[in-house]
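Have a look at the structure below before the remarks.
What follows draws every value from the coordinates through simple rules; no lab data is involved. This structure is a prediction, so every number in the text was calculated from the model and none was measured. Every residue, glycine as well, gets a Cβ built from its backbone with ideal geometry; the counts of neighbours run over all protein chains shown.
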Amino acid sequence: MNTRSGLISFLTVILLGSIIMPVYFVNALPMSGPRVDELQFHIYEGEDQQVEALLSGDVDLVGEIIDPTFETTLEEHEDIQIGKHLRNGYGYLFFNHTKYPYNITAFRRAAAFALDKEWISSEVWNGLAQPLDSPVPRGNPFSIEDDMSYSYYESKMDLASGLLDEAGFIDVNSDGYRDCPNGEALFVKIHSTGTDISLEICGLLRDKLHDLHIDADVFYDWWFPGLDNPAIGYDIYFNGYTFENCSLEWLANEYVMPDYLSKGLAIPRWENATYSELIEKLLHENDFEDIYEAAKKMQEIWVYECPVIIAYQNHLLTAHRTDHFSDFQHESVEGYTGWWTKFMVKPQEETSSEDIPPFRCSLKLGIDTFNFMKSSSEYASKVHDVLFDRLIRVDVNGNIIPWLAKSYTIETHSDNPSVPEGHSRFTFNLYENMSWSDGTPFTAYDIEFSYNYYKTGCNNPLGADLQDELNSIYAKTPFVFVAEFKDESYWHILKFKKQIIPKHIFEDTNPDSWAQWDPEYNSTTLVTTGPFAVVSHNKGDNIILEPNPYYFRRASVDNLSPTPTVGPWSFTGELYTLTLTVTSIAVTVVFLFLIIDNRYLSKRT
């Protein structure tokens, strides 16, 4: 091999290597904030009081979901915008698969085709809902709802009747009702939770079954005792569920996982061999594309088999004023009320720097404690979230992005022989310009300390998911953090959404005393990393915050340019960015080499 071909081969290896590097980078644009001079949370116990405060201009954002009954009044106000986002959940009817004939796919599909989901969305929900078939709701990046080749949206009675005929559901004794394929009489008990929406939907299903000549009736209870013993209990039950995030681990264990069946937690108690084979890939692959493919196939099986009938995915409403601020962020899960609005909202352009008002949000309840490990209040968590930062965040579209880290890698033994067989290793490369709110540098040692504190603290809720799966956790350098798990799973990434505590404040405390930390707003132990810091706290009235002067993504109202990345590289994209950067360098080198080489050859000839 001559020098020329050898160099080209070497650079080709660099190019190919850069293309397959499993590295994930944060988007740097537009990621600077906060962009307001002051953030205030005001307490209004009643929802009507919160709406009145918005109408009168006392707050700029109602900090929670509003009831649809307020929609008309708010829409009439020229300075108020109503936000609508789909709930990360739905209402559904589930079958008792331990009872015959509800373990017959044809019966479940017939019921699904008969039920009119479009009528439910337009009439029961007055247009504030959409039909849904997939168990993974719209808004989740893994949902295939809009990619299905068929749907159960419209009532298709002929198709439903044909399925029942083919499966042997016929009228054996000429009493006007279909019987089971084995000749037994069929009577369907549909249980409702008793709410108006539940009763209407259960009543609709009953009427549709009657139209199919199936005897059925509706019973209502808040929580039917037969759910705990399905052999003697319900046939079909209405329920609703809202997911906390976009993880799909529940898709593997909610219905079919054996240990869940034995514990009686998988209420539908549905079993499907092909579906079960995909569980391993969903739970234990590290590659996003492999997981997406498994989730796609599982949803396709699920939609066809109909272990439950998704009745609707309803819209949730939020409301905010538009006369003083802009750039409200619409999140897939929380709408305009989430973290991103508080981080990105900014004064209207015509507002002078001398007239910038505080950005004011309403809360239904005050904060019970600044100890996020101790509090279970959803209202307190909205305050905690702007005070304490995390390694990763979920963006407005539901995608996971690195936050305190500028990049991370996921490795298994096949990627790196130093990773034990069957384990997975997460390596985070941190930004180097981060500090705590007291000016102390923030490093990987803080993260190492936090996770060990959570794991070893007796009954610390943040350590519950670290006990069995976490093998080791350590700071490799001040700006490189490593966590190794005892199995392979992409979903471990969600464990890095935990808030970080300062090592220099907590290192002399016993991890078992985690619940005893209860600082006042002006305590020297309330040291935070987030975009805001507490200025005052009037219990039951308000909480005042100002931008954290040490925040690594700090932006001022006058200068909204993004905080530059510290280090030899300035990454502005996701996975593909490093590929393009390294590739462009390599291509440039090859190009220059060929020019020089050609000039050299021309001189020789």
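Some observations on this one:
- For segment 391-529, the Rg and Dmax computed from alpha carbons only, in angstrom: 15.4, 50
- Note on segment 501-558: the alpha carbon radius of gyration divided by the globular reference 2.2 N^0.38 Å gives 1.34.
- Inter-label distance, Ser472 to Thr98: 4.5 nm, where each label sits 7 Å from its Cα along the C-beta direction.
- Residue exposure proxy: Cys246, Cys458, ordered by other Cβ atoms within 10 angstrom of their Cβ from fewest to most, comes out as Cys458, Cys246.
- Exposure proxy ranking, count of Cβ atoms within 10 Å, fewest first, for Thr412, Thr456, Thr242: Thr242, Thr456, Thr412
- Spacing of the two label points (7 Å from each Cα toward its C-beta) at Asp541 and Glu432, in nm: 4.7 nm
- Gain in span if fully extended, Asn459 to Thr72, counting 0.36 nm per residue against the direct Cα distance: 134.7 nm
- One way to sum up the overall shape of segment 26-159 is the equivalent ellipsoid from its Cα gyration tensor, whose semi-axes run 40, 20, 15 Å, largest first.
- Note on segment 89-315: Kirkwood radius taken over Cα pairs, Stokes-Einstein applied at 25 °C and 0.890 mPa s, translational D equal to 136 µm² s⁻¹.
- For Leu316, nonlocal amide neighbours, meaning residues 5 or more places apart or on other chains whose placed amide H falls under 5 Å from its own, are His85, Leu86, Arg87.
- Note on Ser513 and Thr242: the extension gain reaches 94.3 nm, defined as 0.36 nm multiplied by sequence separation minus the Cα-Cα distance.
- Exposure proxy order (Cβ contacts within 10 Å, fewest to most) of Phe70, Phe532: Phe70, Phe532
- Lys, Arg +1 and Asp, Glu -1 on Cβ, resulting dipole of segment 425-563 about Cα centre, debye, nearest 20: 300 debye
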